Amino acid sequence: MPDPTLADPLRKGDPDRFLALLAAPPGARPLLASLYAFNLEVARAPWATGEPMIAEMRLQWWRDALGEIGAGGKVRSHPVTLALAEVLDPEGAEALDRLVAARRFDIHREPHADRAAFDAYLDATAGNLHWTAARLLGATREDEVREVARASGLANLLLAIPDLEARGRMPLVDGRPEAVAGVAREALAGLRRARPCRAARPALLATWRARGILARAAKDPARVAAGALEGSDFARRGGLLLRSLGF
């Protein structure tokens with residue numbers, strides 16, 4: 001079983017990645033648990049306070065911690081930072097620093113400047129998380145992993161649209177139904193093109209819901225604003241099982 005100090009927050013705060021962690025090979029779990037616990041902490045930071053300056057300070061704390069890990073010196077005492085120090089190399093610390101920097105967008109209410117900025121956000125967040133995991137597990141096809149990761153990042157964002165809009169955020173460049181359907185179709189096409197190597201599979205188990213979510217958004221984009229993109233629990237778990245078996 002994964003370290004409970006890392007896994008328990010995931011079980012409560014990121015249940016999809018928690019299930020993916022349990023489905024991963026035992027040898028990959030310490031790495032994945034560390035990265036997923038870090039991602040949860042950073043994703044929460046912009047929303048933990050209504051004060052933008054405090055949120056900026058929270059994110060900076062994680063950037064400073066990654067700097068310590070990348071430098072190979074003493075690392076501040078926190079269950080997640082100590083776990084990361086056991087698995088990250090300098091390249092991984094730098095990639096995760098870019099992830100944290102991208103999360104600054106979540107603090108403020110301004111929309112993405114354009115589609116390129118939106119895509120860069122997905123790549124910096126989901127892309128850097130999954131590529132770091134895949135690379136450290138021995139994967140070599142970076143573009144393929146990032147293609148899948150960006151699609152998964154979009155799927156997760158679409159799930160969160162009702163809550164984000166209720167908080168006064170504008171997460172999409174173009175929220176018209178036809179534009180939402182179009183971006184979902186593009187991501188689905190990327191999933192079909194991608195052929196990540198076998199070593200990347202444990203790192204991509206956490207993307208198991210993306211295809212179904214994107215397909216529903218492409219077919220009926222009104223489901224995004226309605227918060228109706230969730231599939232059945234049976235289908236969700238079955239999809240994860242197939243992914244864990246390599247299908």
Residue check, ALA116 against (1) of a type in the set (A, V, I, L, M); (2) assigned to a helix (DSSP H, G or I); (3) touching a residue at least 12 places away in the same chain (Cβ under 8 Å), all met but one. Which one? (3)
Inspect all residues belonging to region 48-56 and state whether any of them is over 15 Å from LEU6 (Cβ atoms), within 19 Å of the chain's Cα centre (by Cα) and surrounded by fewer than 17 Cβ atoms within 10 Å (Cβ to Cβ). yes
Against the conditions (1) closer than 20 Å to SER77 by Cα; (2) of a type in the set (Gly, Ala, Ser); (3) surrounded by 23 or more Cβ atoms within 10 Å (Cβ to Cβ), where does ALA20 fall short? Just the number, please. (1)
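Taking the condition of being closer than 16 Å to TYR121 by Cβ, in a helix (DSSP H, G or I) and in contact (Cβ under 8 Å) with a residue 24 or more places away in the chain, how many residues in region 160-179 meet it?
1
Condition check ((1) within 23 Å of ASP14 (Cβ to Cβ); (2) at pLDDT below 95; (3) in the same structural domain as PRO9 (by TED's automatic domain parsing)) across all residues:
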site	(1), (2), (3)
HIS78	yes, no, yes
THR81	yes, no, yes
ALA85	yes, no, yes
GLU91	no, no, yes
LEU96	yes, no, yes
PHE118	yes, no, no
TYR121	yes, no, no
GLY127	yes, no, no
Could you please find all residues in region 189-210 being surrounded by 20 or more Cβ atoms within 10 Å (Cβ to Cβ) and not in a loop (DSSP other than H, G, I, E, B)? ALA200, PRO202, ALA203, LEU204, LEU205, ALA206, THR207, ALA210
First in region 181-199 and not assigned by TED's automatic domain parsing to the domain that holds ARG150, second anywhere and surrounded by fewer than 20 Cβ atoms within 10 Å (Cβ to Cβ), Cβ under 7 Å, 6 or more apart: none
Residues of region 44-92 being under 17 Å from LEU31 (Cα atoms) and assigned to a loop (DSSP other than H, G, I, E, B), which ones? HIS78, LEU88, ASP89
State whether one or more residues within region 14-33 are outside any helix (DSSP H, G or I) and under 17 Å from the mean Cα position of the chain (by Cα). yes
Would a scan of region 77-95 turn up a residue that is buried (at least 17 other Cβ atoms within 10 Å of the Cβ), in contact with a Ser or Thr (Cβ under 7 Å, 6 or more places away or on another chain) and within 30 Å of VAL173 (Cβ to Cβ)? yes
Out of region 204-220, which residues are β-branched (Val, Ile, Thr) and touching a residue at least 60 places away in the same chain (Cβ under 8 Å)? THR207
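The values are calculated or read from the model by the stated rules, or taken from the named source; none is laboratory data. Note that this is a predicted model, so its numbers are computed, not measured. In this analysis, Cβ positions are derived from the backbone assuming ideal geometry, glycine residues included, and neighbour counts consider all displayed protein chains.
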